[in-house]
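Asks: Sharing a structure below in structure tokens format, with a few things to ask.
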Amino acid sequence: METDRSRYIKCVKRIVVKVGSGVLTEDNGLNLRNVRSIAGQICKLIQQGIEVLLVSSGAVASGVKKIGLQRLPDERPKRQAASAVGQAGLILEYEKAFSRYQKKVAQILLTSDDLSNRKRYLNARNTLYTLLSWKIVPIINENDTISVEEIKFGDNDNLAALITLLMDADLLIILTDIDGLYDQNPRIHSEARLIPAVAKITKEIESIAGRIPGALGTGGMLSKIEAAKKMSSAGIPMVIANGKTSDILIDLMSGKESGTFFIPKDIKLNSRKSWIAFQMKPKGIIHIDDGAATAVTKRGKSLLPSGIVGVDGEFQEGAPVIFSKDGKILGRGLVNYCAFDIRKIMGLNSNQIRERLGQKPYDEVIHRDNLVITTD
Ligand code: GLU
């Protein structure tokens, strides 16, 4: 398939590179050769004028080895404690590796809660922008020691996708220990074939990815595909490639066809809209009819009360919600009315709102500026 990668790559000014535990660790702990190689390549790219943010795994895996545990513990507190041990060593080795090129690094630990809160989201962004302006390399990881199920990013592939959106980066590169997405698990099937480009993430792609688990980290191929979906909907390209291949970042950025390239949709979401689409946790669901679905998805209109047929959940004015038709999620938005009021005005024309509520602060339930379509 002709991907025309170079068309995307040559416009790239800022990238997020995510490196998985399988690249960064080996039997005895951190794989220092790979840590140095990644650092060296990033410094070369910075010299070429590209801004780079690094999302690095490897804390848990290297911590486990440093403590001398035989295998990854099942208990969460033990994994969290292992990550605390591993993270210190990880940053130390990055610091040493980058200092060979006179580059400074900064450690950023985040939870998904940090990015779903608008104020903390903006704070994180300002900090990262400041580091980039100082030419310091931000090294980001999930704050594993305090992340529990509800506040976990799930995995660093997802975290890297959210950072790409947060920072308006032009490309996400995910480095793993295999060459990209294969049509079957290459660790088991020697005849597995690499898929060089993906134009659309279909059910088939998802099911292929679901059969290729990660060797060490928590993500595997499926979480990379989840990240690719976010990138594609925001109009940002993504590559999965082998972080153990020497000069892989340099090659990719010179347009070489390595790994699997995910061609994005032909749109560009601004960072506020991608925050609405991907960072906020929805507080409810608004069910809409055919007419409203066409108006918002095809004609770029706001969502009016007349097209609403049901509301699930209790939420306040300003809350993030999902809207769907016949059970299919169409998009997300911020509501102008609380759930209680939407139930009262659904099905009505906007000029009947005042009569029903005693006031009419807005015509729309979700204004189009606060609405993002996430379906095809
Ligand atoms: N945050 C974890 C670590 O540093 C890795 C999570 C992942 O591999 O996705 O070990």
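Every read-out reported here was derived from the displayed coordinates using simple, explicitly stated rules and does not represent laboratory data. Just so you know, these numbers come straight off a predicted model, no measurement behind them. Backbone-built Cβ (ideal geometry, glycine too); neighbour counts: all protein chains shown.
Asks: What residue among GLY331, HIS287, SER271 has its Cα farthest toward the positive end of the dipole of segment 261-370, where the charges are +1 on Lys, Arg and -1 on Asp, Glu, each on the Cβ?
Replies: SER271
Asks: Given springs between every Cα pair under 10 Å in a Gaussian network model of the chain, which of ILE342, ILE225, ILE236 has the largest fluctuation?
Replies: Maximum among the listed residues: ILE342.
Asks: Arranged from highest to lowest average of other beta-carbon atoms within 10 Å per residue, in what order do the peptides 25-34, 285-294 appear?
Replies: Top of the packing list down: 285-294, 25-34.
Asks: Another question, if that's okay. Specify which residue in the list ALA81, LEU45, ALA59 is farthest towards the positive end of the charge dipole of segment 17-108, using unit charges on the beta carbon of Lys, Arg (+1) and Asp, Glu (-1), about the Cα centre.
Replies: Among ALA81, LEU45, ALA59, the one farthest towards the positive end of the dipole of segment 17-108 is LEU45.
Asks: Turning to a different aspect of this structure: Given +1 on the Cβ of Lys and Arg, -1 on the Cβ of Asp and Glu, and no further charges, what dipole in debye does the chain carry about its Cα centre, rounded to the nearest 20?
Replies: 840 debye
Asks: Follow-up question, since we're still on this one. With +1 on the Cβ of every Lys and Arg and -1 on the Cβ of every Asp and Glu, and nothing else charged, how large is the dipole of segment 161-215 about its Cα centre, in debye rounded to the nearest 20?
Replies: 200 debye
Asks: Two-decimal Rg/Rh of segment 138-231 from alpha-carbon positions, Kirkwood Rh?
Replies: Radius of gyration over Kirkwood radius for segment 138-231 works out to 0.98.
Asks: Just the number, please: percent antiparallel of the DSSP beta bridges in the chain, rounded to the nearest 5.
Replies: 40 percent
Asks: Structure shown: which of LYS44/LYS256; LYS200/LYS230; LYS273/LYS301; LYS152/LYS325; LYS298/LYS328 lie over 18 Å apart, alpha-carbon to alpha-carbon?
Replies: Violating the 18 Å Cα-Cα cut-off are LYS152/LYS325.
Asks: Now for a different question. Calculate, in whole percent, how much of the Cα-Cα pair population of the chain lies beyond 28 Å.
Replies: Everything past 28 Å amounts to 48 percent.
Asks: Can you find, among GLY313, SER190, ASN370, the residue sitting farthest towards the positive end of the charge dipole of the chain, where Lys and Arg contribute +1 and Asp and Glu -1 at Cβ?
Replies: My answer, from the dipole projection, is ASN370.
Asks: Here's something else I'd like to know. Is it possible to state the helix-based mean residue ellipticity at 222 nm for the chain, with each DSSP H run of 4+ residues giving -39500 (n - 2.57), the sum divided by total residues, to the nearest 500 deg cm²/dmol? What is it?
Replies: After summing the helix terms and dividing by the residues of the chain, the value is -11000 deg cm²/dmol.
Asks: Can I ask one more? Counting other beta carbons within 10 Å of each Cβ, put LYS96, LYS103, LYS10 in order, fewest first.
Replies: Ordered by Cβ neighbours within 10 Å, fewest first: LYS10, LYS96, LYS103.
Asks: Let me ask something else about it. Which of ASP155, ASP114 has the fewest other C-beta atoms within 10 Å, and how do the rest follow up to the most?
Replies: Ascending Cβ contact count within 10 Å gives the list ASP114, ASP155.
Asks: With an 8 Å Cα cut-off and a minimum separation of 6 or more residues, compute the relative contact order for segment 76-233 in percent.
Replies: Across segment 76-233, relative contact order equals 19 percent.
Asks: Tell me whether segment 72-160 comes out rounded, prolate or oblate; compute the Cα gyration tensor, take square roots of the eigenvalues as a ≥ b ≥ c, and use a/c under 1.5 as the rounded threshold.
Replies: Taking the square roots of the gyration eigenvalues as a ≥ b ≥ c, segment 72-160 is oblate.
Asks: Pulled fully out, how much extra length does the chain show between SER190 and LYS44, if you take 0.36 nm times their separation in residues and subtract their Cα-Cα distance?
Replies: Contour length minus Cα-Cα distance gives 49.1 nm.
Asks: Between GLU149 and SER6, what is the label-to-label distance in nm when each label sits 7 Å out along the Cα-to-Cβ direction?
Replies: 5.1 nm
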